[in-house]
Every structure is written in structure tokens, then in C-alpha cells.
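Read the structure below first, then the notes.
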Amino acid sequence: MARILIVDDSTVMRKNLYTIFTEKGHEVVGEAIDGKQAIVLYSELKPDLVTMDITMPKMSGVEAVNFIVNKDHNAKIIMISALNQKQMVFEALKNGAKHYIIKPIDPIKLLGIVNEVLDESKKSVIEKRDENKELNSGFSIENLNGRFIVTFNEFVNLKDQVTLDTAIKGLLFIKPLNVVFDFEKVDKVSELILNPLIRIGNTITKSGGQLEYKTKSEGIMKLLQGVK
């Protein structure tokens, strides 16, 4: 069982998470109400795992993740996000968070993510990158009235599939799920990069969701038609 630090400015949410974890045998070693307190408690308590709210006073969860991971590259942090905070979630993932879950919290889903993150044999959501290299994200996600637009750009590469796969898995509970894979900013994408992205997209349709592809490139369209 894990030693867990809960970080959230909501008393109700902290109590809810405390109950979920302790009923399954985990130990809640501390609770923080903002990012600054989270940093202090993480240093003192050395928890196995942290649940981190996104929006908090004094210091946001995204900032706290960045600070903690810079001090401890092995930190295991799960972001707790509202539905309209997708871009902040991806910023946290880039900063080193391992996973995320969207409110309202589903106890079974949360515990499954906790087990996944604690399993050291699994790959982290964001692979370690050379600090001297420029970090360019190959895609962005925007929630437009319940429709999730995944916009790919010229920097899209194989590493992006790890982040996107995690993002899509975190959205599958939404019914109906409506997603667009938008390649209109990309002139061409190699089959090596495109095929894994399409396989990720197929998980949406297999779960009953809707997926639309957008592209102005005949080359990309041919590849899309070839892997469907």
C-alpha cells in the first residue's frame, strides 16, 4: 500500500480522497491546501504518491509539479482536474506529472490510476527529455462545448503518442465522447508516426465515441484511409 499526500484547497475534496484511499488500505500521510504547502510537505514526508489539484491559491498545481519534479525526478504525481482545465493538465504532464483524472472523481477509476502509476514497470506519461533540448509539443487539446479538438502541428513525433494515449484514456468515461483529430496545420506526417496516433483514435470509436479526422493533405488522407 502507498503513502499518499493529498493536495487540494477544497476541504470536501480532501475528505473524499482521504476516504477513498484509506478504505483501500493506503495511508494518507499529509494534506496540503496549496502548491507552496505541497512542496514543503513533499520534502518532509517523502510520499510514494501525490494527488495534485490544478487551481489553488498562492501556487497552482502546475507550478508545484514543476518544482517537485525538478527536485525529485522520481516523484509520482496525479493531477486532479476540472473538465475545462485540459491545457493546464497537459502543461502539468510536460512538467513531470504521471497521470490525471477529471472531476467528479470515480473511486474505481482513481484507484486504477493510482495502481498504474505506482507500478514502476510501466512507462511514465512523459519520458525524460534532455534538458538542453527545446521542448516542442506536437499537439494541443481544446474543449469546445464538449467537443475535444486535438490539433497536431509540425513538431508531432512518436513521443507524443504516450501523452495523447493517456489523455484519451482519461476522457473515455465521457458519454458521448466527441473528438476531432485535426491535421490541417501539417503538410505531411510519416506513416511511422501516423499509425500509432490512429490506433489511439480507434480506442475512441471502440468505446462508443465519435472521431473525426481533418486534413488538407492528400498524402495524410491516403494514409488515414489506408489504416482505417
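Derivation of every value follows stated rules applied to the coordinates shown; laboratory data play no part. For clarity, every value in this text was computed on a predicted model and none was experimentally measured. Note that we place each Cβ from the backbone using ideal geometry, even for glycine, and neighbour counts take in every protein chain shown.
Identify which of 194, 111, 144 has the largest mean-square fluctuation in a Gaussian network model of the chain, with springs joining Cα atoms closer than 10 Å.
Result: 144 has the largest fluctuation of those listed.
Considering the Cα trace of region 139-227, what is its radius of gyration and what is Dmax, both in angstroms?
12.2, 33
Given the alpha-carbon gyration tensor of region 3-118, what are the semi-axes of its equivalent ellipsoid in whole angstrom, ordered largest first, with each equal to the square root of 5 times an eigenvalue? All intermediate terms of the calculation are to be shown ahead of the outcome.
On the way: eigenvalues 64, 51, 38 Å².
Semi-axes, largest first: 18, 16, 14 Å.
Have a look at 68, 30, 197 and report the one farthest towards the positive end of the charge dipole of the chain, computed about the Cα centre with Cβ charges (Lys/Arg +1, Asp/Glu -1).
197
Can you pick out the pairs among 98/206; 98/175; 36/185 whose Cα atoms lie more than 28 Å from each other? Could you put the intermediate results ahead of the total?
Numbers: 98/206 25 Å; 98/175 25 Å; 36/185 39 Å.
From 98/206; 98/175; 36/185, over 28 Å: 36/185.
Within a 10 angstrom radius of the beta carbon, how do 56, 221 rank from fewest other beta carbons to most? Working shown, then result.
Working: 56 23, 221 14.
Listing 56, 221 from fewest to most nearby Cβ atoms yields 221, 56.
Which ordering of 166, 51 is given by a fewest-first count of other beta-carbon atoms within 10 Å? Each step should come with its number before you reach the end.
Values: 166 23, 51 27.
Neighbour counts put them in this order, fewest first: 166, 51.
Whole angstrom only: what separates the Cα centroid of region 44-91 from the Cα centroid of region 167-215?
26 Å
Mind sorting 223, 45 by how few other Cβ atoms lie within 10 Å of their own Cβ, fewest first? Show your work: numbers first, answer last.
Details: 223 21, 45 15.
The fewest-first ordering by Cβ neighbours comes to 45, 223.
With only Lys, Arg, Asp and Glu charged, each at its Cβ (+1 for the first two, -1 for the last two), find how big the charge dipole of region 139-227 is about the Cα centre; round to the nearest 20 debye. Please report the intermediate quantities before stating the final value.
Values: 11 positive and 10 negative charges, 58 e Å.
Here the size comes out at about 280 debye.
Distance cut-off 27 Å, Cα to Cα: go down the list 46/169; 58/94; 109/188; 24/71 and report the pairs above it.
Numbers: 46/169 29 Å; 58/94 21 Å; 109/188 37 Å; 24/71 29 Å.
Pairs exceeding 27 Å: 46/169; 109/188; 24/71.
What is the magnitude of the charge dipole of the chain about its Cα centre, with +1 placed on the Cβ of each Lys and Arg, -1 on the Cβ of each Asp and Glu, and no other charges, expressed in debye to the nearest 20? Intermediate results must be reported in sequence, preceding the final value.
On the way: 31 positive and 30 negative charges, 99 e Å.
The dipole of the chain has a size of about 480 debye.
Based on the Kirkwood radius over alpha-carbon pairs, what value in µm²/s does the Stokes-Einstein equation return for the translational diffusion coefficient of the chain at 37 °C and 0.692 mPa s? List each step's numbers first, then the result.
Details: Rh = 18.4 Å.
It comes out at roughly 178 µm²/s.
Under 8 Å for C-alpha pairs, at least 6 residues apart: give me the relative contact order for region 139-227, rounded to a whole percent.
On the way: 117 pairs, mean separation 27.4, N = 89.
Relative CO of region 139-227 lands at 31 percent.
Placing unit charges on C-beta atoms (Lys and Arg positive, Asp and Glu negative, everything else neutral), compute the dipole magnitude of region 3-118 about its Cα centre in debye, rounded to 20.
Values: 14 positive and 14 negative charges, 31 e Å.
For region 3-118, the charge dipole is close to 140 debye.
What aspartates and glutamates does residue 216 reach when the alpha-carbon gap must be under 19 Å and sequence neighbours fewer than 8 apart in one chain are set aside?
Straight-distance partners of residue 216: 154, 182, 184, 187, 191.
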